[in-house]
Amino acid sequence: MPVEAPQWTDFLSCPICTQTFDETIRKPISLGCGHTVCKMCLNKLHRKACPFDQTTINTDIELLPVNSALLQLVGAQVPEQQPITLCKAKKCVEELALYLKPLSSARGVGLNSTTQSVLSRPMQRKLVTLVHCQLVEEEGRIHAMRAARSLGERTVTEFILQHQNPQQLSSNLWAAVRARGCQFLGPAMQEEALKLVLLALEDGSALSRKVLVLFVVQRLEPRFPQASKTSIGHVVQLLYRASCFKVTKRDEDSSLMQLKEEFRTYEALRREHDSQIVQIVMEAGLRIAPDQWSSLLYGDQSHKSHMQSIIDKLQTPASFAQSVQELTIALQRTGDPANLNRLRPHLELLANIDPSPDAPSPTWEQLENGLVAVRTVVHGLVDYIQNHSKKGADQQQPPQHSKYKTYMCRDMKQRGGCPRGASCTFAHSQEKLEKFRKMNKRLVPRRPLSASLGQLSLHLLLHLHQHCLPHSIKRNFWMKN
């Protein structure tokens, strides 16, 4: 019976015995399916198959190479002897794995809340997937190529996020949603509106759009006086665009809308609703991180995984090439001061990798080219964040100007969520507002009273000299002073 798969953050320990990998008895051995187990636990298996997905292990366990990328992260001695065909490819993976080093500062611990990496959490997750790939077997090489492509695609998204103006992001986002005849009313109000739509239609009832909108508005008005037929009609339109309704047309009368069976629970309806908003925004060329989506649609940070799964599901084989094109346009708009256009050939090579599970096994040359390309673009991203990105500098050194977080965020007040997330320069709660206002009072330097009076006297004398005194007195004044 398959064992439950481990959390991706526990990448430095064996998922079976939960002990940290080492270079002696608990050497990390990656299987063709992408799971990694220590050699001791691997030798104890009753059948020669992965304990997580039951994939057959076709190579003798003694011939499977040790995962040197993981060994270097736990501070162990990395074996020097490697097959010549594997040498360059493994070197690329080992170099990329070093970006996980801050996360492994406490030996045997995966991802810490106290540690920081220059890479975002989605980048770290995809990098961990690549590090776990085993390159000896064909299946492992196929997994490695797909992981390299996925990491490259996420790198493009990170570049686009770096080039977006966070101050204009919110207005551009809602403009894109309104352009489709839809609307988001804020986390709390939108949730209530969706629950009322579900209440009206969950039993299979078929209502006209007008009747449905009136029902929702009447139930919503006591708590949300700003609810109107127009705004609720735009919410219903959003669900209609998401194909949540089965529409029955009637001659000389309004069409009837019936909620499809698969959307008659709040979780299913909400997921389709969220997917539609994300799709509209992506079609408009905007990229928003999962934590920003969580803050925007739910007013909290606890739905990041939910939003990440929606973003991943909306990705298609053509999405990568489209993102590269969008990045090129963004670079042309900014003048590309960091010369990121040099990465385009590498990104195009990664975009051309076949992501399907039935893809043929790559040749050694194709594998090397793919891993070199992903190493180059990830290096380019890190260099950009550290040396050119204003956002990266802001994260490392929080703003110290006098008005930082001393006013409430307008998006948070009006919509209950902010697309800028933690990078927003305005306060997201009354507690934060009061905290930074107190800090601001301590930071503002106070001038001595004597200096203030002295400066006032000087201004008064200059004013009298320019506007009130006769020319002869002016001349005597400057001669004496």
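The values are calculated or read from the model by the stated rules, or taken from the named source; none is laboratory data. This structure is a prediction, so every number in the text was calculated from the model and none was measured. Every residue, glycine among them, receives a Cβ derived from its backbone with ideal geometry; neighbour counts consider all protein chains shown. Side chains are part of the model used for accessible areas, which takes the heavy atoms of the whole protein and leaves out ligands, DNA and RNA. Shrake-Rupley method; radii C 1.70, N 1.55, O 1.52, S 1.80 Å.
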Next on the checklist: One residue is enough: does segment 154-169 have a residue meeting the conditions in a helix (DSSP H, G or I), open to solvent by less than 10 Å² (accessible area, probe 1.4 Å) and within 30 Å of T248 (Cα to Cα)?
Outcome noted: no
Next on the checklist: For segment 22-54, give me the residue count where each residue is surrounded by fewer than 20 Cβ atoms within 10 Å (Cβ to Cβ) and not in a loop (DSSP other than H, G, I, E, B).
Outcome noted: 5
Item to check | segment 264-275 residues that are touching a residue at least 12 places away in the same chain (Cβ under 8 Å) and farther than 14 Å from S309 by Cβ, paired with ones that are part of a helix (DSSP H, G or I) and open to solvent by 20 Å² or more (accessible area, probe 1.4 Å) (beta carbon under 7 Å, 6 or more apart) | outcome: Y266/K195; L269/F263
Checklist entry - Would it be correct to say that L297 is at pLDDT 95 or above and either surrounded by fewer than 18 Cβ atoms within 10 Å (Cβ to Cβ) or not charged (D, E, K, R) (or both)? => result no
Next on the checklist: Every residue in segment 333-356 that is over 24 Å from T316 (Cβ atoms), not charged (D, E, K, R) and not in a helix (DSSP H, G or I), please.
Outcome noted: G335, P337, A338, N339
Item to check | Candidate set from segment 55-71 (those that are assigned to a loop (DSSP other than H, G, I, E, B) and among the hydrophobic types (A, V, I, L, M, F, W, C)); member that is surrounded by the most Cβ atoms within 10 Å (Cβ to Cβ) | outcome: L64
Item to check | Residue list for segment 327-359, filter: of a type outside the set (A, V, I, L, M, F, W, C) and within 18 Å of S150 (Cβ to Cβ) | outcome: H346, E348, N352, D354, P355, S356, P357, D358
Item to check | Residues satisfying the stated conditions in segment 173-205, i.e. in contact with a helix residue (DSSP H, G or I) (Cβ under 9 Å, 6 or more places away or on another chain) and more than 20 Å from A268 (Cα to Cα) | outcome: L173, W174, A176, V177, R178, A179, R180, G181
Item to check | Residue pairs meeting the criteria (Cβ under 6 Å; at least 6 apart or on separate chains; first on the phi < 0 side of the Ramachandran plot, in segment 282-308; second of a type in the set (S, T, Y) and open to solvent by less than 40 Å² (accessible area, probe 1.4 Å)) | outcome: R287/T157; Q301/S294; H303/S294; K304/S294; M307/S294
Checklist outcome for this item: Note on A89: of the conditions (1) over 24 Å from V382 (Cβ atoms); (2) in a helix (DSSP H, G or I); (3) modelled with pLDDT under 90; (4) open to solvent by less than 30 Å² (accessible area, probe 1.4 Å), unmet is (1)
